[in-house]
Amino acid sequence: MRITIFDGACTIGGNKIYVEENEKGLFLDFGMSFAKYSQFYEEFVSERSARGIYDLWHLGLIPRINNYRVDLIPSDLINEISSCQKLPVDAVLLSHAHLDHAGNIALLEESIAIVGSPVTMAILKAINDTGSKGFGTELPYYRVRTFADEGGFTIRTDYRSDYPSRKVILTERCEELEEFLFYRPGQESPNAKKIVREEICTLDKAELGFEVKAFPVDHSVYGALAYVVEGDVSLAYTGDFRLHGRNGDKTRKFIREAKNSNVLIIEGTRVGREEPNVSEREVYENAKAIVEEAKGLVIADFSPRNFERLEIFKKIADETGRELIITPKDAYFLHTLKLVDGVDRLKGVRIYENFKATTQKWEQVVVLGHYGDQYVSPFEVKRNQENYVLCFSFYDFPHLLDIMPNGGTYIYSSSEAFGEEQAFSFLRLWNWLQHFGFEVYGFKVDKNGKLIFEKGLHASGHLSKEELVEVVERIDPDKIIPIHTENPYWFAENFEKAVVMRDGETVVFN
């Protein structure tokens, strides 16, 4: 078995791990490396979509392989890509729906299938439905591109074409999800483009050249998986995981099933950090204590698609006599999750009515169509601020000008800022909060402008160092390959079995 780490060996995120044996190959994730992208890009400077993958290729942000969609390759890149190795790849085994693991899959040849849990597929489809028209998030369906000029140097969306979908392999059958994957809101309209139905099968029926077993694990997004891949040797891949969430028992089951794997590829996000191991239960208790004493409007700010955290704040709102308000986009995601697990997370939740000139089809058809009576106007929120917990992120804050809060309480329940640009965003957020007179929990800016984060209101989606050591000892592999870490040499210092690799390196196991 040959294992190549194309990305993620010494950064947090961007995992691209290639496994090959007997001319059969798989990718373990194919994510976007935010660390590497941030060296060249920021919020308003990004790759030029009109040049397809040209910018990403020349900046070294994607691997030098000949496995990309031909409609994303401009004519002045064809010869260079054609001279590169074409890997045998049957599928990407996707661990979860965070873009640092999934964000470059859409660039790969459409013949490459995507394997994941039903929840992960539902989330990816909702991201695609509600997002911009960039090609990075086009999963599982995508927009066909065509050349915009005779020379083939520029690329544009072919608006005459329906939307193809790559092959989907689910870990278990889910009929309602399968219908949703090939439904595009608004496709009932005359001349509307549709998603072309593609084959869906389950992992136990898929022919991938390896025996692949998927195991649910706990993470900060629902639907996360770890994998065991059996070939000449057995390989266990953790993806991102933790022990302290509500599904920690599933993580422990994976650890038992992965015991004695020959090779363990394990994430090490937190090995370079000294931080307390806060549980979701502690987050709930600490946040509830704050809301119980709060006057006026409460704002809860947590990372996108952290649905467990959203459910925590729904419980807190119920127990403190308030109503939870979420954005229409969050409502669309919760509706999507219901198709998979049948849980009605929108029951008793209000949906914030933004002032905007146009409403997109996903909101018109699905959110307004099913939950229109749950919308609440900014005027209603303004009149009864003490009745609500409002789930807003920094990017939603301009809408506060319609509410005009008179003081209130803001709870930051997400990760600390990593990088200068994120720190600047927190300083802008602080200005908004001071403008409206909010009492702030979770972070502070001191009189010298220094950003200080407070503990107890966020639980990491990753193992602590101590837990990681415990997991390695229980699985007891022959070799350990660290991934998704800024400190891979910590593994070499703590485990004799560690094989520290650099991006682009290959190791062979027999």
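The values are calculated or read from the model by the stated rules, or taken from the named source; none is laboratory data. Quantities reported herein were computed from a predicted structural model and do not represent experimental measurements. Please note: Cβ atoms are built from the backbone with ideal geometry, for glycine as well, and neighbour counts cover all protein chains shown. We work out accessible area using only protein heavy atoms, side chains counted, and drop any ligands, DNA or RNA first. Shrake-Rupley method; radii C 1.70, N 1.55, O 1.52, S 1.80 Å.
In this calculation the C-beta distance from Ser303 to Leu427 is compared with R0 = 22 Å, giving a FRET efficiency of 0.70. Available extension along the chain between Glu257 and Glu175 is 26.7 nm, counting 0.36 nm per residue and deducting the alpha carbon span.
Cβ-Cβ distance of Glu454 and Ser132, R₀ of 35 Å, FRET efficiency by 1/(1 + (r/R0)^6): the value works out to about 0.55. Relative protection proxy for 447-457, 428-438, 254-264, from highest mean packing down: 254-264, 428-438, 447-457 (other beta-carbon atoms within 10 angstrom).
For Ala91, the residues whose modelled amide H falls within less than 5 Å of its own, excluding neighbours fewer than 5 places apart on the same chain, are Phe27, Ala113. Per-residue 3J(HN,Hα) values for the stretch 349-365, derived from phi via the Karplus relation 6.51 cos²θ - 1.76 cosθ + 1.60 with θ = phi - 60°, read 9, 9, 10, 6, 8, 6, 7, 8, 6, 10, 10, 6, 4, 4, 7, 4, 7 Hz in sequence order (x marks Gly and Pro). Close amide H pairs (under 5 Å, H built 1.01 Å from N) link Glu505 with Ile5, residues at least 5 positions away or on another chain. What pairs in Lys253/Lys450; Lys24/Lys253; Lys125/Lys315; Lys288/Lys450 have C-alpha atoms more than 31 Å from each other? Result: Lys253/Lys450 exceed 31 Å. Here the gap between Glu466 and Asp76, fully extended at 0.36 nm per residue and compared with their Cα-Cα distance, gives a gain of 135.4 nm. With a Förster radius of 25 Å applied to the C-beta separation of Arg502 and Phe418, the computed FRET efficiency comes to 0.70.
Remark: the stretch 31-44, residue by residue, has Karplus-estimated 3J(HN,Hα) of x, 8, 8, 4, 4, 6, 4, 5, 5, 10, 10, 9, 3, 10 Hz, where x stands for each Gly or Pro and the curve is 6.51 cos²θ - 1.76 cosθ + 1.60 at θ = phi - 60°. Between (1) 1.41; (2) 0.98; (3) 1.24, which matches Cα Rg over 2.2 N^0.38 Å calculated for the structure shown? Among (1) 1.41; (2) 0.98; (3) 1.24, the one derived from this structure is (2). Take 179-190, 67-78 and order them by the average number of nearby Cβ atoms within 10 Å per residue, most first; the result is 67-78, 179-190.
Annotation: amide H-H contacts under 5 Å for Tyr388 (H modelled 1.01 Å from N, sequence separation of 5 or more, or interchain): Val298, Glu323. Evaluated at q = 0.17 Å⁻¹, a Debye calculation over the C-alpha positions of the stretch 4-143 (equal weights, vacuum) places log10 I(q)/I(0) at -0.95. Here the relative contact order of the stretch 391-504, from alpha carbon pairs under 8 Å that lie six or more residues apart, stands at 19 percent.
Mean separation of Cα pairs under 8 Å and 6 or more residues apart, divided by the residue count, gives the chain a relative contact order of 18 percent.
DSSP beta bridges fully contained in the chain are about 45 percent antiparallel.
Take every Cα pair under 8 Å whose residues are at least 6 apart in sequence, average their separation, divide by the length of the stretch 93-147, and the relative contact order is 39 percent. Projecting the Cα atoms of Gln422, Ile411, Phe392 onto the dipole axis of the stretch 327-468, where Lys and Arg carry +1 and Asp and Glu carry -1 at the beta carbon, places Phe392 farthest toward the positive end. Accessible surface computed residue by residue for the chain, with neighbouring protein chains in place and a 1.4 Å probe, gives 43 Å² per residue.
Listed values for the stretch 280-285 are Karplus-derived 3J(HN,Hα) couplings in whole Hz (6.51 cos²θ - 1.76 cosθ + 1.60, θ = phi - 60°), namely 4, 4, 5, 4, 4, 5, and x replaces Gly and Pro. Label-to-label distance for Tyr159 and Lys24 is 4.5 nm, based on points extended 7 Å past Cα in the beta-carbon direction. Seen from a random direction on average, the alpha-carbon convex hull of the stretch 219-260 projects onto 3.0 square nanometres.
With the simple model of a label 7 Å out from the Cα in the direction of the Cβ, Glu293 to Lys86 spans 6.6 nm. Given a 1.4 Å probe and every protein chain left where it sits, what share in percent of the accessible area of the stretch 1-115 is carbon and sulfur? Roughly 51 percent, rounded to a whole number.
Using the Cβ of Asp218 as centre and a radius below 12 Å, the other residues enclosed give a net charge of 0, where K and R count +1 and D and E count -1. Stokes-Einstein at 10 °C, 1.306 mPa s, Kirkwood radius from Cα pairs: D for the stretch 194-250 in µm² s⁻¹? For these conditions, the coefficient is 120 µm²/s.
In this simple spin-label approximation, Glu486 and Ala148 carry label points 7 Å from Cα along the Cα→Cβ vector, and these lie 3.7 nm apart.
Given axes a ≥ b ≥ c from the Cα gyration tensor, I'd like to know whether the stretch 310-464 is rounded (a/c under 1.5), prolate (a/b larger than b/c) or oblate. Prolate, since a/c reaches 1.5 and a/b exceeds b/c.
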